[in-house]
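Encoded as structure tokens, the structure appears first; notes follow it.
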């Protein structure tokens, strides 16, 4: 049961929720289930609201002082309690802490789950075909649209499209059925690998995302573009 809630950073609380409102909604409630949709971790309480946690690129969840990840590519390696944005202390002992140096995540109370598309690990080949079909948006931008497909960020999109051999700037609706099936397979395998190995920074493309980086498949200099408002890296030779 949640005995106390400490949310010292009001900016980190989203959608107008105050620290007092958060505490009043959660204290005295038990956490009964943990779920995930895309980038959002959902903690359901017994007879009460759902707590939504988004970690961005630099946030971590600590349970009784232990973090699930030891390293994040774009975060600090230092452990600073000043970076704690949310702390739940349990009446039975123990605590849950969200630590985020760069404040790229956020805390939500009863987030609107209907605004999120299907989770990227749960989408079927036919579902992926439907969300791409008829879209003139760049393929990468469509994959990153959280209202259609939840959970694909910038690094994930580049890695998946690199592995699938697809140009991120192609119109999403231009893929053939065979290309959609290939994309679906690489999407699932890449996400499963990232989950097992600790995050999107473990991809083969990640250390090459800079000037002079070459495709590890064919040695072609990687191409840097802005697609869907995000810096994108791809191989102009094998990604078509």
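Checked against (1) closer than 21 Å to residue 13 by Cβ; (2) touching a strand residue (DSSP E or B) at 6+ places or on another chain (Cβ under 6 Å), residue 103 passes all but condition (2). Determine, yes or no, whether residue 75 is surrounded by 15 or more Cβ atoms within 10 Å (Cβ to Cβ), modelled with pLDDT under 95 and closer than 23 Å to residue 194 by Cα. Criteria met by residue 75. Is there a residue being in a strand (DSSP E or B) and either over 22 Å from residue 118 (Cβ atoms) or modelled with pLDDT under 95 (or both) anywhere in segment 37-48? So far as segment 37-48 goes, yes, one or more of its residues are in a strand (DSSP E or B) and either over 22 Å from residue 118 (Cβ atoms) or modelled with pLDDT under 95 (or both).
Here is a check on your reading of the model: is residue 99 touching a helix residue (DSSP H, G or I) at 6+ places or on another chain (Cβ under 6 Å) and either in the same structural domain as residue 153 (by TED's automatic domain parsing) or crowded, with 18+ Cβ neighbours inside 10 Å (or both)? It is true that residue 99 is touching a helix residue (DSSP H, G or I) at 6+ places or on another chain (Cβ under 6 Å) and either in the same structural domain as residue 153 (by TED's automatic domain parsing) or crowded, with 18+ Cβ neighbours inside 10 Å (or both). Residue check: is residue 158 under 24 Å from residue 60 (Cα atoms), in contact with a strand residue (DSSP E or B) (Cβ under 6 Å, 6 or more places away or on another chain) and either surrounded by fewer than 16 Cβ atoms within 10 Å (Cβ to Cβ) or modelled with pLDDT of 95 or more (or both)? Answer is yes for this residue. Consider residue 212 carefully, then state whether it is touching a helix residue (DSSP H, G or I) at 6+ places or on another chain (Cβ under 6 Å), without any contact (Cβ under 8 Å) to a residue 60 or more places away in the chain, at positive phi and not in a helix (DSSP H, G or I). So residue 212 fails the test. Taken over segment 73-125, the criterion of being assigned to a loop (DSSP other than H, G, I, E, B) and farther than 19 Å from residue 62 by Cβ is satisfied by 110, 111, 112, 116, 117, 120, 121, 122, 123, 124.
If you check residue 172 against the conditions, is it touching a helix residue (DSSP H, G or I) at 6+ places or on another chain (Cβ under 7 Å) and buried (at least 17 other Cβ atoms within 10 Å of the Cβ)? When the stated conditions are applied, residue 172 passes them. Please tell me if residue 185 is out of contact with any helix residue (DSSP H, G or I) (no Cβ under 6 Å at 6 or more places or on another chain), surrounded by fewer than 16 Cβ atoms within 10 Å (Cβ to Cβ) and under 19 Å from residue 122 (Cβ atoms). Against the criterion (out of contact with any helix residue (DSSP H, G or I) (no Cβ under 6 Å at 6 or more places or on another chain), surrounded by fewer than 16 Cβ atoms within 10 Å (Cβ to Cβ) and under 19 Å from residue 122 (Cβ atoms)), residue 185 qualifies. Against the conditions (1) under 22 Å from residue 206 (Cβ atoms); (2) under 14 Å from the mean Cα position of the chain (by Cα); (3) at pLDDT 95 or above, residue 145 satisfies every one except (1). Flag not set for residue 59, criterion: closer than 30 Å to residue 155 by Cβ, surrounded by 12 or more Cβ atoms within 10 Å (Cβ to Cβ) and touching a residue at least 60 places away in the same chain (Cβ under 8 Å).
Just one of the listed residues (137, 122) is under 25 Å from residue 233 (Cα atoms) and either surrounded by fewer than 16 Cβ atoms within 10 Å (Cβ to Cβ) or at pLDDT 95 or above (or both), namely 137. For residue 193, the conditions (1) over 20 Å from the mean Cα position of the chain (by Cα); (2) free of Cβ contacts under 8 Å to residues at least 12 places away in the same chain; (3) within 30 Å of residue 111 (Cβ to Cβ) are fulfilled apart from (1). Look at (1) modelled with pLDDT under 95; (2) at positive phi; (3) more than 18 Å from the chain's Cα centre (by Cα) and you find that residue 199 fails only one, number (3).
The values are calculated or read from the model by the stated rules, or taken from the named source; none is laboratory data. Remember, predicted model here, so these are calculated numbers, not experimental data. Ideal geometry is used to build each Cβ from the backbone, glycine not excepted, and the neighbour counts take in all protein chains shown.
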